[in-house]
C-alpha cells in the first residue's frame with residue numbers, strides 16, 4: 001500500500017522512492033499523530049480512576065488542588081495588600097526577601113532558579129526593580145560576564161516595612177485559619193514540600 005511519503009516522493013521523483021533512496025532502503029509508514037497523545041498506564045496503576053468524576057475526586061489530586069487553590073488565593077490577597085501600600089508586586093517582594101535571606105548579592109541565575117523563572121523573566125523583573133531603586137546591578141569581580149543583584153538602601157527599607165505588614169497578614173489569613181495545635185505541623189509540612197520540590201526542580205534556562 002502506498003504511504004503518504006511514497007506518494008509525495010513519486011510525484012516529485014518519477015523514478016519512485018527507490019530512485020531517490022536506493023533499493024536497499026524502505027520508506028517507513030508515517031505514524032498517525034494524535035493531537036493529544038495519551039499514554040495508558042499499566043492496569044495496576046489505574047488507581048480506580050475510570051471516569052472524569054473519579055479523576056476529580058481522587059484524594060491526592062484533591063489535596064494538591066486545595067494546596068494550589070489556597071496558595072493562589074493567599075498570594076492574591078496578601079500580594080494586593082503589599083502592592084497597595086508599597087507599590088511593589090509580590091514577585092518583587094519575594095526577590096527582596098531572597099536577597100535579604102542570602103545576605104549577599106545574587107546572580108541572575110540564582111534568582112531565576114529560586115523564583116522558578118526563566119533567566120529572561122528574572123531579568124525583566126530585576127529591570128523593573130532597578131528602575132524603582134530597589135536593587136542595583138554589580139559586575140562579578142572574578143567573572144565580568146556575571147551580573148550580581150544587590151539590595152539598595154531603599155530596597156532594604158522597603159523589605160522591612162513590607163515584611164511587617166506581610167507577617168501580620170500571614171498570621172491573619174493563613175495561620176489563624178488553622179487550629180492552634182496544628183500550626184507548627186502545617187508549617188513544618190510546607191517546609192518539607194518546599195525542600196522536596198526544590199530537589200527535583202530542573203535548572204531554569
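Below, the figures for the structure above:
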read-out: Translational diffusion of segment 71-193, µm² s⁻¹ [Kirkwood Rh, Cα pairs; Stokes-Einstein; 20 °C; 1.002 mPa s]; value: 137
read-out: Share of pairwise Cα separations in segment 95-137, more than 15 Å, in percent; value: 34
read-out: Sequence of 112, 196 once ranked by neighbouring C-beta atoms within 10 Å, starting from the fewest; value: 196, 112
read-out: Fraction of alpha-carbon pairs over 16 Å apart in segment 129-184 - percent; value: 61
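Quick note: the coordinates plus some simple rules give every number you see, no bench work behind them. The shown structure was predicted, so the numbers you read here are calculated from the model rather than taken from an experiment. When we count neighbours, we look across all protein chains shown, and the Cβ atoms used for this are built from the backbone with ideal geometry, even at glycine.
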